[in-house]
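The structure under discussion appears below in the form of structure tokens.
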Amino acid sequence: MGKVICAGLGPGDPDLMSVKSWRAIQGAKHVAYFRKEGRKGQARALVDGLLPEGVTEHAMEYPVTTEIHFSDPEYNRVLAEFYDQWAQTLAEIAQSEDVVVLCEGDPFLYGSYMHLYTRLQGRAEQEIIPGITGMSGCWTASGQPITWGDDVLTVAMATLPEEELTRRIQDTDALVVMKIGRNLPKLRRALESAGKAGDAWLVERGTMPSQTVQKLSEIEGDVPYFSIVLVHGQGRRP
């Protein structure tokens with residue numbers, strides 16, 4: 001019997017991958033990874049030069065990304081079918097051999113693997129290897145501690161409704177906002193309403209060679225979906 005091993009790859013710099021994930025990849029006979037159709041896939045790119053000779057690759061290509069809004073029932077139906085099919089495929093491989101699933105960041109922090117994890121329960125043995133999160137890579141790249149003392153840290157998605165986004169920004173000391181992209185105008189308004197727009201930083205491609213760290217107020221135009229906005233905590237005073 002084999003098992004499904006989900007290897008957290010860390011925030012993007014291959015040197016920040018754990019030794020345990022590296023060892024799993026080095027010994028893999030089967031490697032699976034998510035990607036957009038026609039793309040190499042970021043997770044696959046992170047392991048360039050690390051895969052052993054003769055490994056079998058399984059590219060799990062998303063059937064939709066932004067073509068259908070995530071609130072549309074059809075979006076959930078199509079993706080559920082996709083995850084069902086790949087859970088079945090991985091379970092079949094794991095009947096006889098290990099299969100390593102590559103996951104950027106940490107698998108249990110908004111990772112796509114979670115959708116496979118729940119479907120594989122009772123069908124295959126699983127091992128999850130944690131990874132350094134993308135957000136920790138980004139706040140380290142900013143050169144400032146994200147929290148001090150008793151600061152409360154909130155992690156929010158820019159996909160939230162503007163009113164809720166504003167409330168959560170107001171109610172926290174330190175902030176991480178993920179999934180920016182076309183949600184940037186809404187996020188700017190929420191930060192302005194919460195009085196924190198001047199304290200916000202935007203990190204693109206954290207820990208990667210093309211990394212940028214800029215004050216959000218200095219950014220013009222579009223930004224990638226996988227950017228992170230930070231507001232650093234200042235430490236609570238008695």
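Listing for the model above:
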| read-out | value |
| --- | --- |
| Contacts under 7 angstrom Cβ, first residue in segment 124-135 being polar (S, T, N, Q), partner in a helix (DSSP H, G or I) and open to solvent by 50 Å² or more (accessible area, probe 1.4 Å), 6 or more apart | Q126/Y117 |
| Filter result (under 16 Å from Q170 (Cα atoms), among the small types (G, A, S) and open to solvent by 20 Å² or more (accessible area, probe 1.4 Å)) within segment 198-234 | G198 |
| Number of positions in segment 34-76 that are charged (D, E, K, R) and either closer than 22 Å to T133 by Cα or at pLDDT 90 or above (or both) | 8 |
| Residue identified as in contact with a Ser or Thr (Cβ under 9 Å, 6 or more places away or on another chain), touching a residue at least 40 places away in the same chain (Cβ under 8 Å), under 17 Å from V4 (Cα atoms) and not β-branched (V, I, T) among D106, D98 | D106 |
| Residue pairs meeting the criteria (Cβ under 8 Å; at least 6 apart or on separate chains; first in contact (Cβ under 8 Å) with a residue 60 or more places away in the chain and open to solvent by less than 40 Å² (accessible area, probe 1.4 Å), in segment 43-59; second assigned to a strand (DSSP E or B) and charged (D, E, K, R)) | A43/R35 |
| From V64, V31, V78, V101, residue being touching a Cys at 6+ places or on another chain (Cβ under 8 Å) and either open to solvent by 20 Å² or more (accessible area, probe 1.4 Å) or not in a helix (DSSP H, G or I) (or both) | V101 |
| Tally, over segment 94-115, of residues that are within 15 Å of the chain's Cα centre (by Cα) and among the aliphatic types (A, V, I, L, M) | 4 |
| Failed item, numbered, when G195 is tested on (1) assigned to a loop (DSSP other than H, G, I, E, B); (2) at pLDDT below 95; (3) over 25 Å from I132 (Cα atoms) | (2) |
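The values are calculated or read from the model by the stated rules, or taken from the named source; none is laboratory data. Just so it is clear, the model here is predicted, and its values are computed rather than measured. Here Cβ is always computed from backbone atoms with ideal geometry, including for glycine, and neighbour counts include all displayed protein chains. Side chains included, ligands, DNA and RNA excluded: accessible areas come from the protein's heavy atoms. Shrake-Rupley method; radii C 1.70, N 1.55, O 1.52, S 1.80 Å.
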